[in-house]
1. State, to one decimal in nm, how far the label point of residue 27 lies from the label point of residue 526, with both points 7 Å from Cα in the Cβ direction.
2. Under the 0.36 nm per residue contour assumption, what length would be gained going from the current alpha-carbon distance of residue 168 and residue 18 to full extension?
3. Please quote Rg/Rh for the stretch 1-91 to two decimal places, taking the Kirkwood radius as Rh and restricting both calculations to Cα atoms.
4. So for the pair residue 344, residue 360, with labels modelled 7 Å out along Cα→Cβ, what separation do we get in nm?
5. Ratio of alpha-carbon Rg to the 2.2 N^0.38 Å globular estimate for the stretch 580-678, to two decimals, please.
6. Given the pairs 101/418; 127/381; 127/349; 101/381; 73/199; 155/207, which are separated by over 23 angstrom at their Cα positions?
7. How high is the FRET efficiency from residue 315 to residue 402, r the C-beta distance, R0 22 Å, rounded to 0.05?
8. Report the dimensions of the stretch 296-380 along its three principal axes from the alpha-carbon atoms, largest first, rounded to Å.
Amino acid sequence: MITDYNMRKNEVLEIIEKLKYNLTNINEYFESVNQPSPVKRINNYLDHITSKEINITADKFRIIVAGEAKSGKSTFINAYLGVELLPMDVKQCTSSIVEIKYGKEFKIIATYADDRVQNILGDRNCKEFLMCNAALDDSYRDIPVPTINEEILVKAGKRAKKKNQNIYISNKEIEDLLKASEIIEANIHNLPADQYKSKIKKYINEKKSQWSNIVTKIEVLFPLPEALKGIEIIDSPGVCARGGVSELTEKYITHADAIVFLKPISGQALESTQFNQFMKNMSVERNKKALFLVLTRASNVNETELNRLMDEAYKQFNMLDKDNILVVDSKAELYVKYLSTFSTLDEIKNELIKLNDNKTLDDFVTATYVKTAGDFGNGDKVDFINSLKEKSHFADVYSSLDRFGRYAHYLLLHDVLKCTYDLYVKLTNILSEQIDLYKQKNENPYELEQKISIIKSDIEELRETMSIGIDSVAKPYIGESGYIRKTADEMVNNFIIKIKQIDPDTDESLEVLEKISMEQIKTFNEFCMNIQVDLIKQFDEMILELEDKSSISFTYLKPELLDLDFEDIIKSKKIEANEIEKYEEGVTFTETRERSRYSRKKHFDLVKNSINDRLDDIKNDLILITTKFIRNVKVAYISELSSNIDSKRNELDAISKAKSDAIFINDIIDKLENIVELLKTDSTKAESLKGGIQKCIIK
């Protein structure tokens, strides 16, 4: 059994170490990727496992002892440990919890209500401290001092300390305390109500200025025998009349391996409201298998009556296994341990005589001595000691608690494994949820790479268009051999040819010239606009091939000279249209004279030449403004393409970052999926080992 337990224990500790290793790795990984670690969300599981691991490693067995008034808690604890540590024959203890555990030397660590800690060393000092602080003043043994201390004095004192004020307890607080059912029911000595209340008030008034000296916890370290090194005994403040326990006691019950409730078997009815209510306590209910009812003072009844009372106890307390209902006589066990130190029966007899002279010898010891070693016995020391052992029944206590101790150790292993498994399940679920969220939000890196390739291609095409494409559109239009100049020259030449065909001597010659000129100007104007529109169209087509954008808006230019005032030209040139004409005057003697005469042909030629000159200016102006327009358009479209390139670059940067993030998140997903699989494997190991330990518990 021990070999099997040690093997299981080591396996459990290995699982805990692996759990810590896993959690450390998870924390480090999440820190490395700058993400919050989910381990924080399972700290409650981890704290529980860590605290239990300490108990497993130390092989601790924690027993909490509670009981009714006059049940002999201190005597029972002393008898169990085999040493008189705690003061006996007192009616109740203070509000302090007393923890007894192994230490290399006798030492006491006392904690006071104001959180002061005091260390007491040396056998004499420790015993004096326990006598003064683990037992009540005789004056106040008949009031519920533990409850008064905890509910009134300590709370009021700490409240005052926090506010840096003197302690103050209102009359209302005291009256509320006196009306409380646990205070009323705690009057187990049946004092008159007024006297009972008056005594409580007196105690409060007397002790409130000394609240900080109330001892709330006593830790006793003592060099216990080897067999008891792993035992921790907690002597709790008394259970109130209706079976309730303080918050402090409840915390100890929650973490106890075994709970021992003491009740006298004689002197009062066996039925116990206190014990039944105690069992209903939430913490006790959870640990019912760990609860032992120990009926004390067995030597006060004869064997027949003892058997009857035990049968009655089995029936009344049938919610417990029979193995968990024990009967003892703690004093008998103390006598066993003390008298066993004497070598001979004569030495024992002399000691009994001394005790009897001091009036401290119990009658059952005298009767046992007479029956086994005296007049009715055979004078054998062993028979006497064995007879006392039978009266003490402590062999059953040791056997039951030892058996349950191993059972409790298995329960502890089982509890840790269950908590470990639950932690793994919780953590696995948290990580799986995170994985699902990552998958829902994350983009496909392959698809993003395809988008990146397309955008890079678009940028390259835009650059090529900006450096080559725009010039390829504009170049055919401009320059000496460009389409604009060639077309303009052709139009001028055609105009010249047309006006050469006009007969200047006809009356309608100027009208025909005006008509042809205005048509030519209109042609120039249309050409100028068409060039601009056609150019914009080509640029737009080029842009649309690259981007889904509409045309860029432009203000079309018009040659300034296209607004030709033909009538003004005719008038202005008519003045210059006269010619000097020679003529002869006289009949016989002729004389050559000169005169100015209007010349239609000259007028026509002057107007034609003016139009030709103006038309040449118009042609140059047309070439100038269309070339300027082309330059402006080039700049605008280059700017547009440059803006498009910038937009594409921004888009490329965004998608590149998205791709990088997607790869990063995919790496996280892969890592988390690996972690989840690892956790599932380790949780299966914990569950499997838990099943094996469950079989040991059932056995």
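1. 8.8 nm
2. 48.7 nm
3. 1.25
4. Inter-label distance under the simple model: 2.5 nm.
5. Normalised Rg, Cα atoms only: 3.32.
6. From 101/418; 127/381; 127/349; 101/381; 73/199; 155/207, over 23 Å: 101/418; 127/381; 127/349; 101/381; 73/199.
7. With a Förster radius of 22 Å, E is 0.25.
8. Result for the stretch 296-380: principal-axis Cα extents of 47, 23, 23 Å.
Here, each number is a calculation from the coordinates, and none is a lab measurement. Source: prediction; values computed, not measured. Ideal geometry is used to build each Cβ from the backbone, glycine not excepted, and the neighbour counts take in all protein chains shown.
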